[in-house]
1. Please return the ranges of helices (runs of 4 or more DSSP H) entirely within the stretch 1-89 where 1 or more residues are within 19 Å of residue 129 (Cα to Cα) and either open to solvent by less than 30 Å² (accessible area, probe 1.4 Å) or not polar (S, T, N, Q) (or both).
2. Being at pLDDT 95 or above and in contact with a Gly (Cβ under 8 Å, 6 or more places away or on another chain) is the filter; apply it to the stretch 14-71 and report the residue that is nearest to residue 127 (Cα to Cα).
3. Looking only at residues that are polar (S, T, N, Q) and modelled with pLDDT of 90 or more in the stretch 127-182, which one is nearest to residue 66 (Cα to Cα)?
4. How many of the residues making up the stretch 130-152 are open to solvent by 20 Å² or more (accessible area, probe 1.4 Å), free of Cβ contacts under 8 Å to residues at least 60 places away in the same chain and in a helix (DSSP H, G or I)?
5. Considering (1) crowded, with 17+ Cβ neighbours inside 10 Å; (2) at pLDDT below 90, say which one residue 104 fails and leave the rest.
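The values are calculated or read from the model by the stated rules, or taken from the named source; none is laboratory data. Everything numeric in this text was worked out from a predicted model, so none of it was measured. Cβ placement follows ideal geometry from the backbone for every residue including glycine, while neighbour counts extend to all protein chains displayed. The accessibility values were calculated without ligands, DNA or RNA, using every heavy atom of the protein model including side chains. Shrake-Rupley method; radii C 1.70, N 1.55, O 1.52, S 1.80 Å.
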Amino acid sequence: MERRLVELAMDGDVAAFDTLVGRIGDGLHSVSRRILRDTSLAQEATQEALLDAWRNLPHLREPDRFEAWVHRLLVHACYAVARRERRHRGTLELLPHDAPMVADSSAQFAIRDELDQAFRQLSVEHRTVVVLVHYLGHTPTQAAEAMGTPVGTARSRLHYALAHLRRALDAEAPAAVSEGSA
């Protein structure tokens with residue numbers, strides 16, 4: 001980010017802030033969509049983060065860290081939206097189905113869907129660290145900073161999230177292999 005643009009926005013320049021939002025807004029929405037797995041919730045979290053950024057921008061200590069600061073606000077907004085959604089959402093348990101996996105090109109879609117379903121089962125904190133590390137390319141230290149947690153906590157969440165995703169894929173792999181070799 002341009003330091004001068006951030007400084008202008010910090011001084012209340014709406015056009016400068018609008019320019020900053022234009023540069024990072026789509027990326028923020030993409031991150032929140034990956035964390036929350038719902039477009040409307042992601043829009044809500046992105047909007048909350050940008051409002052918080054505007055309100056708190058005059059208090060930003062390091063203009064060069066604007067983008068990292070906004071990502072941290074976004075993570076906290078995603079947590080808040082997820083908490084509110086959890087309180088309002090009913091519980092619906094999906095029963096496993098016994099349909100055989102098809103061993104053709106649709107198998108790739110089935111695997112992707114199984115992975116997506118496993119990803120949705122992760123807590124918002126676990127999804128967040130996976131998105132920050134594997135989508136944004138943050139180190140676990142940077143992810144911990146964005147999440148406001150100790151580095152060990154971020155590493156632990158990443159480890160358990162990836163283990164959960166691997167188990168979900170491993171559970172599907174034997175069925176896909178046995179169906180394909182029949």
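1. 14-36, 39-56, 66-88
2. 46
3. The residue in question is 142.
4. Qualifying residue count for the region: 6.
5. (1)
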